[in-house]
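Trainee: What follows is a structure written as structure tokens; I'll ask about it next.
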Amino acid sequence: MILFLDTGVLLAASGSATGAAHFVCRNGAGQGWTLLTSGYCLQETLRNLPKIGPDAAATWESEIQPVLQLVPDALAMGERALVFPKAKDRPVVITALAAEAAVLLTLDRTDFHGALGREIYGMRIRTPADFLIEQRKAGLI
């Protein structure tokens, strides 16, 4: 399953070894998950890592970044429309769709769930915790 991780998830994974975002990154390969992010999210992550805490950069470099596949940023969706008021988050959604992610993992419930709902063009939008709960209920983890 292809998962796209946005900036908030990458920062959370780097900042807390006990959170759902870190679990996804640490166990993704063993679960058969392909973990994607984009250059846009990567740059936002690097810019904000110092705000997370003193160990976040080391965790990012040793545990999180190595398990990610970087996909090119996409700026358009062809003939599909996207009405999404948050300009800063639009590249995340478009890139995740272009990468054919099954799930966009985000911690931003307000902007993503509030504006787009829990799915867009067949791609689910979940928090890492909600995603893991669904996987557990389905007996997949």
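Trainee: If you count, for each residue, the other Cβ atoms within 10 Å and average over each peptide, how do 36-42, 25-31 line up from highest to lowest?
Mentor: Top to bottom by mean Cβ count within 10 Å: 36-42, 25-31.
Trainee: Just add up the charged neighbours of residue 71: K/R +1, D/E -1, any other residue whose Cβ is under 14 Å from the Cβ of residue 71.
Mentor: Around residue 71, the charge tally is -3.
Trainee: Among rounded, prolate and oblate, which fits the range 1-79 when a ≥ b ≥ c are the square roots of the eigenvalues of its C-alpha gyration tensor, a/c under 1.5 means rounded, and a/b larger than b/c means prolate?
Mentor: Because a/c hits 1.5 or more and a/b fails to exceed b/c, the range 1-79 counts as oblate.
Trainee: With a 10 Å radius around each residue's Cβ, average the other Cβ atoms per peptide and rank 45-52, 1-8, highest first.
Mentor: Final packing ranking: 1-8, 45-52.
Trainee: Along the Cα→Cβ direction, 7 angstrom out, place labels at residue 58 and residue 1. What is the inter-label distance in nm?
Mentor: Each label point lies 7 Å from its Cα, and together they span 3.3 nm.
Trainee: Now for a separate question. Report in % the part of the accessible area of the range 1-59 that belongs to carbon and sulfur, leaving out ligands and nucleic acids; probe 1.4 Å.
Mentor: 57
The values are calculated or read from the model by the stated rules, or taken from the named source; none is laboratory data. The shown structure was predicted, so the numbers you read here are calculated from the model rather than taken from an experiment. FYI the Cβ positions are ideal-geometry reconstructions off the backbone, even for glycines, and counts take in every protein chain you see. Calculation scope for accessible area: heavy atoms of the full protein, side chains included, ligands and nucleic acids excluded. Shrake-Rupley method; radii C 1.70, N 1.55, O 1.52, S 1.80 Å.
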